[in-house]
Ligand SMILES: Nc1ncnc2c1ncn2[C@@H]1O[C@H](COP(=O)(O)OP(=O)(O)O)[C@@H](O)[C@H]1O
Ligand SMILES: [Mg+2]
């Protein structure tokens, strides 16, 4: 690969915009995330942060602008196509298969890539058993990474909140993404759970060499793990750059952080 190809950002947003009726929910947003970066997207409630995630993942079609993944234009593709292309996410309100076991939640992510045909599955042919074994082992390994190995048979809804968040991240990683999007992962957590989550996110980045875009309100978490930030305000970029500099920016303090 040429040097140039290695410098291609994992994610690039170019003049990304969407309107709902007369509301410019996101307006001309530009953003570049390097491979392996832990990048934060912050700003007041209603600034348009989740809407940015919904455009990146194909839930909403942008009114204008584009989304590039490793230099490839994925604007307007379906959520399934975008997940296959390499983007996985978690949600502001946890979404799990609540009535399913912890193990089956992660296996649901892994089945995106299973390599047996429906017929082989129905007839339970040898390849089906080999695949099932591989999926089971991979799911168990992932759960071990997140310290959930003792909970594999628990029903997801019965896990404590912090573990549900971890499970949601594990399931997202099971789809083998190049880019992981986390929408307010610390929301509703107590300080201990938040501190542990911070370690988990760091660990995921190191262990999987993952590129992560994170929406978060907890400033301790943001300043503790994000290398770069974009601050969004009324759908527009208010500030962008290295975390320490952005958090000192008077514009950011006035509009978001308070005195
Ligand atoms: N599907 C939609 N239809 C109409 N308005 C929407 C829709 N989704 C989001 N919005 C509006 O867009 C703005 C940004 O919302 P959102 O992205 O959820 O903010 P944030 O995540 O920063 O708190 C809000 O004013 C919200 O009401
Ligand atoms: Mg939101």
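A short reminder: the numbers here are calculations on the coordinates, not readings from a lab. All values derive from a computational prediction rather than experimental measurement. When we count neighbours, we look across all protein chains shown, and the Cβ atoms used for this are built from the backbone with ideal geometry, even at glycine.
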Could you state the angle between the C-alpha long axis of helix 161-174 and the longest principal axis of the C-alpha atoms of the chain, as a value from 0 to 90 degrees rounded to the nearest 10?
80
For the chain, what does the relative contact order come out to in percent, with C-alpha contacts under 8 Å and a separation of six or more?
27
Thinking of the stretch 127-166 as a set of Cα atoms, what percent of all their pairs are more than 12 Å apart?
62
So how many Å³ per residue does the convex hull of the Cα atoms of the stretch 56-99 work out to?
89
Taking the mean number of other Cβ atoms within 10 Å as a proxy for protection, how do you rank 248-258, 186-196, 206-216 from highest to lowest?
206-216, 186-196, 248-258
How many percent of the alpha carbon pairs in the stretch 123-246 exceed a separation of 26 Å?
31
In degrees, nearest 10, range 0 to 90: what is the angle between the Cα axis of helix 191-208 and the longest Cα principal axis of the chain?
70
Tell me, what does the Kirkwood hydrodynamic radius of the chain come to in angstroms if you use every pair of distinct C-alpha atoms?
19.3
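Counting helices only, and only those DSSP H runs with n ≥ 4, report the 222 nm mean residue ellipticity of the chain as the sum of -39,500 (n - 2.57) divided by its residues, in deg cm²/dmol to the nearest 500. Kindly include the intermediate steps, with their values, before the conclusion.
Details: 10 runs with 100 residues, N = 259.
Here the helix-only value at 222 nm equals -11500 deg cm²/dmol.
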Relative intensity, log₁₀ I(q)/I(0), of the stretch 33-114 from a Debye sum that treats every alpha carbon as a point, q = 0.17, 0.20 Å⁻¹
-0.88, -1.12
Evaluate Rg over Rh across the stretch 79-166, taking Cα atoms for both radii and Kirkwood's formula for Rh.
1.00
